[in-house]
Amino acid sequence: MDMPIPLKYCELSATTKKIFSDLYLYTFHNDNNLLEEIMIRQKISSNPESMQELHLKYGWIPGAESIRPNTAIKEKKDNYITNMLNRYVSLQDLVLHRFFGLQFALQGDWTNSRMHVPDTEISSARLTVAKNSKTHEFRFVPNSFSYEVPTGTNHYVLWFLLNGNENIDPITHSPITDDEINSSIEQALRQLLDSNNNKFSFVWYLNPKPTIISDVLYHVQVFWIP
């Protein structure tokens, strides 16, 4: 993969400057007006113009053409969802069972039954997390319907099991703080990669068109390089 190109701070748009102002792992050189990349681990805007600007400067961050699945992937995803909804009552049940390992019960008669994770199972899982952690249970999984991201970039989804008592951010409408999302991604990548690898970079954003809207689950799109 090509090395990132240093960029002139003055060339950035106001929106992207605001994004970079929060990137604590960048170093600004006053002598030559260059912003040297060390690593990026941060939330970004899903605005296509902002993403395209970051893509042109850094290469591995998806650009405007990479933030939604193409026609073939969308068709594959639609077919998968249709198939899964013949097996599960909802996509929430699918994620809770397959990713979080919650037990399901069969709903319907024997000729037309589907899997459903009962509320009692969800409550039990929430209580277990609350007793053992101050943060949320999460799963970091490859996106089975990855966008057309740059070569070498990995596209994952970070799923959270909500506790049910979150304070919703009035601006982003997110039940999870940015800090917790960041630290969860870092923890997941340290587990996924060699423990000595501390050079990975990632960006994430709140999905503008989430497939699942739920008071039990929450997810963000993550793009990373080792």
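The values are calculated or read from the model by the stated rules, or taken from the named source; none is laboratory data. What you see is a predicted model; the values in this text were computed from it and never measured. As a convention, Cβ positions derive from the backbone with ideal geometry for all residues, glycine included, and neighbour counts pool all protein chains shown.
Figures for the structure shown
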quantity	calculated
Filter result for the condition that a residue is more than 30 Å from L127 (Cα to Cα) and within 14 Å of the chain's Cα centre (by Cα), over V157, V203	V203
Every pair of residues 6+ apart whose Cβ atoms lie under 6 Å, when the first sits in the stretch 147-160 and is closer than 16 Å to F100 by Cα while the second is of a type in the set (K, R)	W159/R139
Qualifying positions in the stretch 110-139 - surrounded by fewer than 16 Cβ atoms within 10 Å (Cβ to Cβ), under 25 Å from the mean Cα position of the chain (by Cα) and either in a strand (DSSP E or B) or basic (K, R) (or both)	K134
Within the stretch 162-209, considering residues that are under 20 Å from S133 (Cβ atoms) and of a type in the set (D, E), the one modelled with the lowest pLDDT	E166
Hits in the stretch 165-210 (condition: among the charged types (D, E, K, R) and over 27 Å from R68 (Cβ atoms))	E166, D179, R190, D194, K199
Residue that is farther than 30 Å from L56 by Cβ and touching a Phe, Trp or Tyr at 6+ places or on another chain (Cβ under 6 Å), where the choices are L158, L85, L94	L94
Criterion (in contact with a Pro (Cβ under 7 Å, 6 or more places away or on another chain), of a type outside the set (S, T, Y) and under 15 Å from K43 (Cβ atoms)) met by exactly one of F160, F223, F200	F223
Count of residues meeting criterion [assigned to a helix (DSSP H, G or I) and surrounded by 13 or more Cβ atoms within 10 Å (Cβ to Cβ)] in the stretch 82-100	9
Set N143, N197, N165, N207: member being within 19 Å of P48 (Cα to Cα) and polar (S, T, N, Q)	N207
Pair list, Cβ under 8 Å, 6 or more apart: the stretch 84-101 residue β-branched (V, I, T), other residue assigned to a helix (DSSP H, G or I)	none
Residue satisfying condition, being basic (K, R) and without any contact (Cβ under 8 Å) to a residue 12 or more places away in the chain, within set K199, K131	K131
Test set (1) modelled with pLDDT under 95; (2) surrounded by 15 or more Cβ atoms within 10 Å (Cβ to Cβ); (3) under 15 Å from S46 (Cα atoms) - S146 fails condition number	(3)
